[in-house]
Structures are given as C-alpha cells and as structure tokens.
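One structure is given here, and the rest of the page talks about it.
The values are calculated or read from the model by the stated rules, or taken from the named source; none is laboratory data. As the structure is a prediction and not an experimental result, all values here were calculated from the model. Cβ sites come from the backbone with ideal geometry, for glycine too, and all protein chains shown count toward neighbours. In case anyone asks, the SASA skips ligands and DNA or RNA and just uses the protein heavy atoms, side chains included. Shrake-Rupley method; radii C 1.70, N 1.55, O 1.52, S 1.80 Å.
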Amino acid sequence: MNNLDLLTAITVFVLSVLVGIEVISKVPATLHTPLMSGSNSVHGIVVIGAMLIAAESHTWLGYVLAFVAMVFGAMNVVGGYVVTDRMLEMFKARPAPGTPDKVTAGTRDKEV
Amino acid sequence: MDTVSNAVHYVFLAAAACFVIGLHLMNHPRTARRGNTLSAGAMAVAIGGTVWLVVHESRITSTGWLVLVSGGLVGAALGLWAAREVKMTAMPQLVSVFNAVGGGAAALIAVNDLLQADHPAALGARVSLPGALSIVIGAVTFSGSLVAAGKLQGLVSGSPVVFPGARLLNVLLPASFAVGTVWLVLAPDSTTALYGLVVVALLFGVTMVLPIGGADMPVVIALLNAFTGSAVAMAGFVLDETALIIAGMLVSSSGGILTKLMADAMNRSIMNIVIGGFGTGDSAPTAVGADGAPAQVRAISVDDVAIQLAYARKVIFVPGYGLAAAQAQHELGDLAKLLTEHGVDVSYAVHPVAGRMPGHMNVLLAEANVPYTQLKEMDEVNPEFPQADVALVIGANDVTNPIARRPGNAISGMPILDVDKAKSVVVIKRSMGHGYAGVDNELYTDPKTGMFFTDAKKGLAELKAAVGEFVG
C-alpha cells in the first residue's frame, strides 16, 4: 500500500469518527439500549475480516485462528441484529386504548 | 485492482453508508426498527460481496472453505440461540458477550495476519502497529467484557473485587503492553512479543473490570463497546479493508458518546469510574439517621396505597433497578393500564441510569406494552412532580435521594428525579437496604412518604387487585 492509500485510510478513519459522534449525539435516552445493541451488531462487520483470513490461511494454526474468528464474528453479527430487532419490536405503536390487545404481555415473550 | 474487487469495494461503501443511515434512523422509536433492518441487510450484502471476492480470487483451500462455512454456521447458530433465549432483563450481559466476541475476533485476525505473513520481518509499521493495537484492544475487550457479563449474571461477585497489588498491576500491565507494542512494531516476526502481548492484554482486561462495582457496569459496557469498535477498525487497517475501518470507528465514536452521556447522567467522569468510585468500598456510607438513631419511616398497607392511586388525578411511576430485578415490569404495566382506563393521568419517570444500561428501563417497560408516549425523561418529568398526587417509586433508590442536592456526600451533584416534590410518595421496597451508593435515602423518612415493604412483583399484583376493587 502506498502513502496515498494510507492517507485515504486515515481520512476515512477520522471522518467515520465524526459521523459516529454526529449520528449518536441526537438519539433520545429512551433508545440508548437498542442503540448500543445496534452499534454492537455493526462491529459484527469483523466477520468479513474473519472470512478473508479463512481464505488466506494455509497452516493448521491459521485454520484454527480463522475458525474461532469466524465463530466469534458470526455470533456477533447474527446475535446482535436479532436481539436488537427483538428489542425494537417492543417499541412499535400500540393499538389505541379501548381496542382489544391481540398480543398480550404473556404471549409476547414466546412469540419473539 | 480488477473489476470484481472494485465492484466489491463499491458494495462495501454502500454497506457503510447504510450503517450510518441505519444508526441515524434509530433516532426515533417509529423508525428505529427499520434502521436496524437496513443495517442488517447491508451487513448481509457485505458478507455476500466478501464471498464473491473469495470465490473470485480462488486462493482459498477446501479446508479454508470448511473453516469458513462451519465457523460461520456455528457462530450464527450460537448468536441466534442466545439472542432469542435471553430475557430482557439479561440484555446487558448479552451485549457484553457480543462485545467480547467482536473484540476477540479482531484480535485473532491481527494475530493471524502477523503469523501468516510470508516474510514477517518485511512487514512495515503500516501493518504491525495497527496489528499490535488490534491485539491489545481486542484482547482487553474480550476478557474485560466476559468479566463484566459475569458480574451482571452473578457468576462473578458484583461487588468490587480488590486483591493486594491490584492497583500496582493496573499500572504495570498497561506499561508492559506499551513495551510489547513497540517491540512488535520493531520486530514483527517475534512470536514472543506477539504471544506476550496477547497474554498481558487478556490479564489486563480482567484486572481492569474486576475492581469496578456492579453499579458502574453499564458505563463499562458502553466503554468496551467503543473499544471493540476501535479493535475492529485496527483490524481493518491490518487487512486493508475500508469497510472495517468505517464501521469500526462509527461504533467506536458512538460508543464513546454513549459512555460520556451515561457518565454525565451519574455526574461522574469516565476516569473516575474506571479507576473506581461508587461501590468500590472507598466511599463509606456518609449519612446516618438523625442523631444516630434509626430513622423513622411510615409503613403503609396495600389498601392505603390502592385508595391513594384510585382517587388520584395524576400518578407518576418511578421504576428503578428493583423493578427490573424482580421482573415486575408486566405487573406495573397492568396496574398502569387499569389506572389509565379509570381516567388517571399516568406517566413514568425514567432516570437516565435506571436499569442497568442507559435506556434499559425503557426497554423493560416497552416489553410490558407501556406506550412510549407515557415514558418521560428526567428533564421533562421533573417539573410535573409538584402536580402529581402520588409518586410511586418501585425499587429506585439513589436516583430519588434528595441529599444529592447537597454537597458532601457520595452522590452530591448527581441529577435526581424530584420525587420529593410530589404531594404524596409511596415507595415499594423489600427492606430499608441501601442503594449502590450506600447512603440513606432521606426520601424514605419524609413525612409524606409511605413505605410499602414487599417484593415488587407481588406488591404490584396485590395493588392491581386492590385498585380493581375500588374502581370496579
């Protein structure tokens, strides 16, 4: 990688930091937990790195490291998105008071 | 660069843009779910693009495919199972575990890269520096997050664990991984430096989190989330993958902001929390009952509380950790629904640090079908307390303690809910035990406060039945 590429990478790095700050600082406290969980699933992107090292591995140690990295990365990405969706599903608009509630609190847990 | 890898890089760029938009959509409860779906879709496309790239470059061995596919399936199954089975009250632990595996993966990628290089000595600082940082940050996050999850789950003592020499270790370990990082940058082929760095960083994760009390875990988890992001970004530098740099730093900076918001809500600095403060045993209980005698409290019965609630015009519920611990959010939601139907103006006052993560209480209440329009944040609800006929506190302690307005105690200066300004206060609590800060709550001895000593879940169910008799 030449110097220009490194400069580009560092530019991307700095801009991402600023975008992250800008996007998050406006989120209401109500959504902080789903947000933390949601950003948690974004760092599941690490699974792509794990796939790339699996593709480049050619020693047993390399395969073992790539396998564990794959397990970790896939767990992060799948689990992160599913649990965030499960949380956010609870924030959906409620039926107006008075209309019968089809989904009761008791069945909600099993349903998701 | 050939056409395919160019195309895949555009796919990654599009995915990164979707992550930003997805997080932005999380600004509002109405669009939050769409944002998460968008982000998940982008992730799926990015993974698909990577598969395309791997196939196209055709350097992967069949064992490599086996590793990739089986590892992916095992991880996905574990993640799916954990995400579906977890109880909403155990959410912080799960987030912490996902932090751990994310950081662990980033560290492993860097270890792998430094080991696999054909001529490691030829690796410039361009790879070895981010590699070393990825290992250090990733490994600290891995072990630290597991300890944090263990504390929240009760597997590790929630109270601060301090052993002789712990403070010294917490100075020595960072110093030694600074040395290890420099060593690895100067000699990227030194496996001694590599493994040494991994071990030291793993140890530091443990010794960093162990002395922090359970009350501070939410802040620690947010901080570790930020760490994982930067570990992933460093792995991106190692692999030359811009997608990892963007997504990683996006998480890292947003995690940093969340950590700061959370620490501000407790009126403490992040440094103060990491070094130790609340619940470390350092801050001895300061307040004692008047004249050292046990403070006088007024215990009231379920019927007294029910009458007050049934004939109130405005009721504010103040849910705290006790509610979450007793998993009584459904009972509270039912009681609130009954009162609302009876024409009582009901709202919930949610302190930013109620529950175990910022916003955790909102998630628990949402689980119990509480309309989010009834959830009010501290600044919004505080002016409403003087109009409230009854403020019902369920298991919240430090965040309602009026002594925070006075200097000279453990919680001085912490923003609190103005529960004491309500016309009448009822506190549901099992005993007179202290909150995390270990100080007596003056609210409990206030003449207009009635203490309803019971388990939150049982007490709220009884209350609902009793209120039902009055309004039915």
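Mind checking how much accessible area A and B bury in total, 1.4 Å probe, in Å² rounded to 100?
Numbers: alone 8980 and 22400 Å², together 22870 Å².
Roughly 8500 Å² of accessible surface disappears when A and B pair.
Calculated from DSSP H runs of 4 or more alone, at -39500 (n - 2.57) each and per residue, what is the 222 nm mean residue ellipticity of chain B, nearest 500? Write out the running numbers ahead of the final one.
Numbers: 16 runs with 280 residues, N = 472.
Result for chain B, helices only: -20000 deg cm²/dmol.
Normalised by the empirical 2.2 N^0.38 Å for globular proteins, what value does the Cα Rg of the range B:384-472 take?
Compared with the compact-globule rule of thumb, the range B:384-472 sits at 1.16.
For the range B:359-431, what number results from the quotient of the Cα radius of gyration and 2.2 N^0.38 Å? Numbers along the way, then the final one.
Numbers: Rg = 13.3 Å, N = 73, 2.2 N^0.38 = 11.2 Å.
This ratio for the range B:359-431 stands at 1.18.
Please list, short to long, the whole-number percent of alpha-carbon pairs of the range B:9-65 in consecutive 10 angstrom bins beginning at zero.
Going from the shortest bin to the longest, the percentages are 25, 37, 23, 12, 4.
Within a 10 angstrom radius of each residue's Cβ in B:329-338, how many Cβ atoms of other chains show up on average? Whole number is fine. Write down the numbers at each step before the final one.
On the way: counts 1, 5, 1, 0, 1, 2, 0, 0, 3, 0.
Partner Cβ neighbours, averaged per residue: 1.
What angle, in degrees between 0 and 90 and rounded to the nearest 10, separates the Cα long axis of helix B:242-265 from the longest principal axis of the Cα atoms of chain B?
Around 20 degrees separate the two axes.
Just by accessible area at a 1.4 angstrom probe, what is the order of B:81, B:183 from largest to smallest?
On the way: B:81 165, B:183 120 Å².
So the residues, ranked largest to smallest area, are B:81, B:183.
On average, how much accessible surface per residue is there in chain B, in Å², for a 1.4 Å probe, leaving out ligands, DNA and RNA?
Details: 18210 Å² over 472 residues.
It amounts to 39 Å² per residue over chain B.
Do you know the relative contact order of the range B:91-184, to the nearest whole percent, from alpha carbon pairs under 8 angstrom that are 6+ apart?
Working: 70 pairs, mean separation 36.5, N = 94.
In percent, rounded to a whole number, it is 39.
Place the peptides B:387-399, B:240-252, A:32-44 in order of packing, highest mean first, counting for every residue the other Cβ atoms within 10 Å and averaging per peptide.
On the way: B:387-399: 24.8, B:240-252: 26.9, A:32-44: 30.5.
The packing order, highest mean first, is A:32-44, B:240-252, B:387-399.
Pairs of Cα atoms under 8 Å, at least six residues apart: use those to get the relative contact order of chain B, whole percent. Don't skip to the end; give the middle numbers.
On the way: 782 pairs, mean separation 63.1, N = 472.
Once normalised by length, the contact order is 13 percent.
Just need log10 I(q)/I(0) for the protein assembly as shown at q = 0.05, 0.09, 0.11 Å⁻¹, Debye formula, equal scatterers on the alpha-carbon atoms, no solvent, rounded to two decimals.
-0.23, -0.70, -0.97
Take the range B:1-111, compute every pairwise Cα distance, and split them into 10 Å bins from 0; I just need the percent in each bin.
Reading upward from the zero bin: 12, 29, 41, 15, 3.
Counting only other chains, and only Cβ atoms inside 10 Å, what mean value do you get across the residues of B:36-46?
Details: counts 14, 4, 0, 8, 11, 1, 2, 10, 2, 0, 4.
Averaged over the peptide's residues, the number is 5.
Could you tell me what percent of the accessible area of the range B:130-195 is made up of carbon and sulfur, with a 1.4 Å probe and every protein chain present?
75
Rounded, prolate or oblate: which fits the range B:128-173, taking a ≥ b ≥ c as square roots of the Cα gyration tensor eigenvalues, rounded meaning a/c under 1.5, else prolate when a/b beats b/c? Could you put the intermediate results ahead of the total?
On the way: a/c = 5.44, a/b = 1.46, b/c = 3.72.
Note, shape of the range B:128-173 comes out oblate.
How big is the accessible area of residue B:403 in square angstrom, nearest 10, if you roll a 1.4 angstrom probe over the protein chains?
About 10 Å², rounded to the nearest 10.
For the range B:57-151, place one equal point scatterer on every Cα, skip the solvent, and apply the Debye formula. What is log10 of I(q)/I(0) at q = 0.13, 0.21 Å⁻¹?
These q points yield log10 I(q)/I(0) values of -0.61, -1.08.
Counting only other chains, and only Cβ atoms inside 10 Å, what mean value do you get across the residues of B:226-235? Mind dumping the intermediate values first?
Values: counts 4, 1, 6, 9, 3, 2, 9, 8, 1, 8.
Mean shielding count: 5.
Could you list, bin by bin from short to long, the percent of Cα-Cα pairs of chain B in 20 Å steps?
Calculated over all Cα pairs of chain B, the distribution is 21, 48, 25, 6, 0 percent.
What order do you get for B:36-49, B:443-456 when each peptide is scored by the mean count of other beta carbon atoms within 10 Å, highest first? Intermediate results must be reported in sequence, preceding the final value.
On the way: B:36-49: 20.4, B:443-456: 18.4.
Descending mean neighbour count gives B:36-49, B:443-456.
Working from the pairwise distances between different alpha carbons, so that the mean of 1/r is found and then inverted, what is the range B:294-433's Kirkwood radius in Å?
Numbers: mean 1/r = 0.0655 Å⁻¹.
Radius from the Kirkwood sum: 15.3 Å.
Taking only Cα atoms, what is the 0 to 90° angle, nearest 10, from helix B:191-209's long axis to the longest principal axis of chain B?
The angle comes out at about 0 degrees.
How far, in degrees from 0 to 90, does helix B:125-153 lean away from the longest principal axis of the Cα atoms of chain B, to the nearest 10?
30
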